[in-house]
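Bear in mind that the values in this text are calculations on the coordinates, not laboratory data. Nothing here was measured: the structure is a model prediction, and the numbers come from that model. Note that each Cβ is placed from the backbone with ideal geometry, even for glycine, and that neighbours are counted across all protein chains shown.
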């Protein structure tokens, strides 16, 4: 139960890699960074092999490492892994090496700093999923912030500084209040235990106390939940805290977007399941109706706004808002299938959206443009690329047999059992999802080759083998989890059971249809306001209308 | 005076002796920097050792007007560290401007002696003497660059407001003496406890309290008594600014610990409200004004005001009945000292070539010209922001922890204070990170060749960086801070 083991290795191998990259000349940076990321990935795969996923033990923490750090306050260095954190850690390590590989060509300036930032980012992300001490959790949570800030701010697009500052300030406001909540929780525990600090930050001890011991009083639960909620809701991001996301995604370099969408958004979902449900079960139930309505709004709003985006990357970014809405919805209906669906959705969104950002990056590398209206006829020019793009677009739209479908389907089934109204509305939105993705695909893939693309001539090459190599593992996993979701479900089953046992299963939240209607009204207003503020010309996406100016541009 | 007295005050004697030796060294080799630097740094090491050796046991000297406890030891080591780092950072900046290094070191050593006297005072008069001995060299240092108009202006403002506040402070002390009839801190505390046993504070005592609070608020640059800070900080030579932003501030907090916590401890319920209001004003105003600054030195001046506010949060938590507040305050003092000194040292290094301003433009594209310096500056700025696992984070966490704890004891104001503090910390991120944006993400307008920095500067920076990065991981530091706080709480 004590000492340093494989979990520390998974977490800190990238840090060692970062140090080595920093000390050696820049020409080795790429290779060492990739090697460190692959090493961490292999170590995380070892975790999967040794993980005992029986129903009895799957929800328990395994490989636990525990070292006293600040004994004065009972703060420990404590890591552990259960099914939920296991799948997310593997997602993190996989996406990290994919992103690093995908950055080899696009990133040409300050490669050393870039790789160091990326590896430290991995340390933070892995640490968040593994930390079992509230204080340690917070530290990893904040460590994630700085490298991402640098990645967007240094290697981002033209408006990168605005985007990165917005990202940092949003996240920091949420996380600092979370720190206050963590401290308040620890004190409440300490006060209830005669002033003893032992275990006051230990997740397992706190959970024990919250669910089977005395529990925290309702005022503390509500305030602490509110603070945690703000931190996680900003990260997920839930409507109306999502406005940093499109900016950050559009400005971030490709690999930054992949990690942002693939892992950073999952930190919020993970936080909800791991920390808030178990520590503040009563407050979770009190807040659930609000969160369900907000999730529903996010699902619809994200989809509708994605429909009208003129920029490929922005479209994918808004689709993330919509997809992540399923995650928060699935968590807060307190139903086993729905929660399993939410976790599956996190994994599958990480894979699919990560891949979509990589694909947008591929085309951006060649055209230096992401405007949907300027594309067209790509299927004729770059058939392989478009085939892969199509695969992931369908996966994102929820085609049965691919992983995206399983997550959303399970979430909807679970939600239907408790809140049929909500499920009905959310299911309807899946059609919208298909609409914006397929419409986008149709606009860029088919039709005449646009003048803009024709003007690029031989610069517009098809996807390269290295780029395929970055996408292949993601595609394979999307198919594997789509056909055999049981692989994941076995792993996470125990965690779902434990989380729902803590939060109180079976207490379905019934939401008044009136509330749902009100939420829809808000969405309608928000969408109208959002669409009304779009520049007029960019709305008529496809066809001759947009091809005109592009032709003129390339003809000159 | 007995021999035991001499042993007890050994660190202080050591400090005076080192100052004298450095004076003579400068006489013997006029204008030479090397011998002065070597003797002063070696001397500081001796003073530090003396402090550690004699600090093991609590003792009093000179009939109880001077005392050594865990708090004295902690603060003395901190002062020695601050002055040693400042001396290490000075020469690179002073040399190109033709400013003498020896006087710089000597004046700093005098100031340190004063600060150490404050930390060890058990008598109000000794306290006041220590205070004056600490701040007078500060005025000299602020105006150290005689030929620079800004330096002179800042020094005059600092001197006028500083003397003024000392007088106000002394006036307040007189009231307390008049009411209690003693200047011994322990005696004052006893008498005050008896005087206010009925629960009422007499008008005379209230006036004394108000005057002393005003005087001290000037010294720590708490809003609304902060007006001298930006001008004095911006005008002073940069290494001096670094010192002024930590040395006199930590010294003034030492005075607060000895005076408010010890002597006026019985009245803490009365000054709690004042401290809460001061803390909120100081954090918020310092941060808001810092947001609009384009000069990094001036920005850090306002940010140092904000940091005063965070330290006051710790004091407020103590007044609300939580010893952790004092621990947090002390920890904050140490963390703030290393990271702020480090940040100013980076600016001073950049300004090695005379004529380089401390405007934000100077930092544009710095990563290309001075990669190591930019990375170190980033570490200090991130620590000032409060990003874990750097020292500044643990410091903020500690005071906020104490405030949250006090609020759970039922003092709601402290809960509000904790939330105000974290919101301020988030707002502060904006202006600290703006410097990082300039260093990493902007291109510099003019091409300037990289500069060569002295070994002493690099060594100082390395020490400051190591401390900033690892302060939260030093085993036992929390216990040391706890012992120091328990010595008076």
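Numbers for the structure displayed
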| item | result |
| --- | --- |
| Cα-based Rg and Dmax for segment B:334-402, where Dmax is the largest Cα-Cα distance (Å) | 13.7, 45 |
| Calculated P(r) of segment B:423-489 - Cα pairs past 13 Å, % | 80 percent |
| Rg to Rh quotient for segment A:399-453, alpha carbon positions, Kirkwood Rh | 1.21 |
| Ascending count of other beta-carbon atoms within 10 Å, so fewest first, for A:117, A:322 | A:117, A:322 |
| Helix A:513-532 vs. chain A, principal-axis angle (Cα, 0 to 90°, nearest 10) | 40 degrees |
| Segment B:62-178: Cα Rg divided by the 2.2 N^0.38 Å rule of thumb | 1.21 |
| Scattering profile of segment B:135-239 at q = 0.18, 0.23 Å⁻¹ [log10 I(q)/I(0), Debye over alpha-carbon scatterers] | -0.82, -1.09 |
| Angstrom value of the Kirkwood radius, inverse mean 1/r, which spans all Cα pairs in segment A:371-503 | 17.3 Å |
| Percent of Cα pairs exceeding the 18 Å cut-off, where the set is segment B:101-169 | 43 percent |
| In Å, descending, principal axis extents of the Cα set of segment B:49-109 | 47, 19, 14 |
| Cα-Cα separations in segment B:338-489 greater than 19 Å, expressed as whole percent | 61 percent |
| Residue-averaged beta-carbon neighbours from other chains (10 angstrom radius) around A:378-390 | 0 |
| Distance (nanometres) between label positions extended 7 Å along Cα→Cβ at residue B:129 and residue B:190 | 2.3 nm |
| Alpha carbon convex hull of segment A:293-429, volume per residue in cubic angstrom | 92 Å³ |
| For segment A:34-158, the fraction of alpha-carbon pairs in successive 10 Å shells from zero, as % | 13, 37, 32, 15, 4, 0 |
| Residue order, fewest to most beta carbons within 10 Å, for B:129, B:375 | B:129, B:375 |
| Estimated D of segment A:248-293 in µm² per second, where Rh is the Kirkwood radius over Cα pairs and Stokes-Einstein applies at 25 °C, 0.890 mPa s | 200 µm²/s |
| Two-site FRET efficiency, residue A:387 against residue B:150, from Cβ-Cβ distance with R₀ of 41 Å, rounded to 0.05 | 0.05 |
| Using alpha-carbon coordinates, inclination of helix B:238-256 to the longest axis of chain B, degrees | 10 degrees |
| Semi-axis lengths (Å, descending) of the ellipsoid that matches the C-alpha gyration tensor of segment A:120-162 | 26, 9, 6 |
| Sequence-separation-based contact order of segment A:110-170, relative, with Cα cut under 8 Å and 6+ spacing, percent | 30 percent |
| Pair residue B:277, residue A:439: separation of 7 Å Cα→Cβ label points (nm) | 5.9 nm |
| Whole-Å semi-axes of segment B:205-264's equivalent ellipsoid (Cα gyration tensor) | 25, 14, 5 |
| Cα-derived Rg to Rh of segment A:89-137, Kirkwood definition | 1.08 |
| Footprinting exposure proxy for A:197, A:155, A:244 (fewest neighbouring C-beta atoms within 10 Å first) | A:197, A:244, A:155 |
| Difference of contour (0.36 nm per residue) and Cα-Cα distance, residue B:3 to residue B:357 | 122.2 nm |
| In degrees, nearest ten, helix B:455-470 long axis to first principal axis of chain B (Cα) | 50 degrees |
| Rg [Å, one decimal], Dmax [Å, integer] - segment A:1-53, C-alpha atoms | 13.2, 44 |
| Per-residue mean of C-beta atoms belonging to partner chains within 10 Å, peptide A:61-74 | 2 |
| Rh (Kirkwood; distinct C-alpha pairs) - chain B, Å | 22.4 Å |
| Calculated FRET efficiency for the pair residue A:218/residue A:417, C-beta based, R₀ 22 Å, to 0.05 | 0.20 |
| Per-q log10 I(q)/I(0), segment B:1-116, q = 0.17 Å⁻¹ (Debye; single scatterer per alpha-carbon; no solvent) | -0.78 |
| Relative intensity, log₁₀ I(q)/I(0), of the protein assembly as shown from a Debye sum that treats every alpha carbon as a point, q = 0.05 Å⁻¹ | -0.34 |
| Two-site label geometry, residue B:368 and residue B:57: point separation in nm, points 7 Å out along Cα→Cβ | 6.4 nm |
| Along each principal axis, Cα extent of segment A:172-238, largest first, Å | 37, 21, 19 |
| FRET efficiency for residue A:49 and residue B:45, using Cβ-Cβ distance with R0 set to 51 Å, rounded to 0.05 | 0.40 |
| Square roots of five times the Cα gyration tensor eigenvalues for segment B:175-309, Å | 33, 15, 10 |
| Projected-area mean, chain A, by convex hull of Cα positions, square nanometres | 23.9 nm² |
